[in-house]
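J.: This is the structure, below, for whatever I ask next.
Just so it is clear, none of the values below were taken in a lab; they were calculated from the coordinates. Note that this is a predicted model, so its numbers are computed, not measured. All Cβ positions, glycine included, derive from the backbone under ideal geometry; neighbour counts span all protein chains shown.
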Amino acid sequence: MSSLLGHWARKMGIYGPARSLKVRLDRLRPSLARHNREMAEFYRPFVPPGSLVFDIGANVGSRCEIFLGLGARVIAVEPQPICQDVLMRLFGREERFKLVPAALGDAPGNATMFLADMSGLSTLSTEWIGKMKSSGRFSAHDWKQTVSVPVTTMDALIAEHGSPSFCKIDVEGFELNVLSGLSHPLAAVSLELVTETAENAVGCIRRLESLARYEYNSSKSETMTMERSEWISANEMIEIIHTTLDPIYFGDVYARLPHSATDRMPVGSPDIDSRL
């Protein structure tokens, strides 16, 4: 693992020599192992053995590793060539892993991706970049390079691989575009939530509610715990997003279908307060 990450670090040119990175990884290994165990326990209710998981914005596979460890089949969607290389080196021989070298959007085609000097900040959203620059959250980074990437849709992914039991979407402000290419409810979804683009998360919730009635929770940063003991409605989650996020909040919104099928709503008739 260390040699693979060292190879990736040299290609990225941002984390120093491979030997230096290996020393840091060796020092961090106990805490990383503990965090991986926490992630596995956190995701276990969403990812039963034998289930199908979509990792949209897989980057270099930190979640792929956890999902595979839980016994899932993993479809990793990642448009960045450098990350594709890492993913295939790490998981390419695993029969339960498949890489889709593309982005997801509202329609198939091609799009310009803005490559950051740290791969986890690359994005297809110029609005996201503008808001991050304005807030100063990632002031030490830039997006000077671009690459044209293929784009497919969530519906096309489902048509080819089936509907996932869990779908992680982490695409730096492009989440709503991803969900706009979806026309059927998913069992459970996670979506990035940061203060600067809170309205993007609200738009995602509204999009999900146009497909079915969901219940919601959230997890801050990498705590691997839900912020609420009880899941809440779309209106309640939107109210929280509008009123209680601190200026530097980042985390994820989780949405899941209620266990009872009678709680589903007809497509196109969301019971959600338009004032929120």
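J.: For segment 38-263, give me the percentage of DSSP beta bridges that are antiparallel, rounded to the nearest 5 percent.
T.: 55
J.: Can you tell me the relative contact order of segment 38-263? Whole percent, Cα pairs under 8 Å, sequence separation 6 or more.
T.: Rounded, it is 18 percent for segment 38-263.
J.: Now for a different question. Out of residues 5 or more away from Ser122 or on other chains, whose amide H comes under 5 Å of its own, with H placed 1.01 Å from N in the peptide plane?
T.: Here the answer is Ala116, since their amide H atoms fall under 5 Å of that of Ser122.
J.: Which of Met88, Met237, Met39 comes first, and how do the rest follow, when ranked by fewest Cβ neighbours within 10 Å?
T.: Taking fewest neighbouring Cβ atoms as first place, the list is Met88, Met39, Met237.
J.: Still on this structure, please answer the following. Only counting other Cβ atoms within 10 Å, I'd like Met226, Met113 sorted with the fewest neighbours first.
T.: Result, fewest neighbours first: Met226, Met113.
J.: A follow-up question, please. Go through segment 186-199 residue by residue and turn each phi into a ³J(HN,Hα) via Karplus (6.51, -1.76, 1.60, θ = phi - 60°); whole Hz please, and just put x for glycine and proline.
T.: Per residue, the Karplus-derived 3J(HN,Hα) values read 9, 5, 7, 9, 10, 9, 5, 10, 10, 4, 4, 10, 4, 5 Hz.
J.: Moving on to the next point. Relative contact order for segment 94-190: what is it in percent, counting Cα pairs under 8 Å that are at least 6 residues apart?
T.: 37
J.: With Kirkwood's inverse mean 1/r over C-alpha pairs for Rh, give me the Rg to Rh ratio of segment 93-173, two decimals please.
T.: My calculation puts Rg/Rh at 1.03.
J.: In terms of modelled amide H atoms, which long-range or inter-chain residues lie less than 5 Å from the amide H of Arg228?
T.: Correct list: Ser218.
J.: Further question: What number, in nm² with one decimal, is the all-direction average of the projected area of the convex hull of the alpha-carbon atoms of segment 38-263?
T.: For the Cα atoms of segment 38-263, the hull's average projected area reads 11.8 nm².
J.: 5 Å is the cut-off here: which amide hydrogens, built 1.01 Å from N in the peptide plane, fall below it relative to Arg213, excluding neighbours closer than 5 in sequence?
T.: HN-HN under 5 Å from Arg213: Met265.
J.: Could I ask something else about it? Could you state the number of Å between the C-alpha centres of segment 230-258 and segment 75-154?
T.: 25
J.: Follow-up. Check each of the GluC sites (Glu not before Pro) in segment 87-195 and keep only those in coil by DSSP with at most 10 other C-beta atoms within 10 angstrom; list them in order.
T.: Glu95
J.: Ranking Glu230, Glu41 by Cβ neighbours within 10 Å, fewest first, what do you get?
T.: By the 10 Å Cβ count, ascending: Glu230, Glu41.
J.: Given segment 112-244, what percent of its DSSP beta bridges are antiparallel, to the nearest 5?
T.: 65
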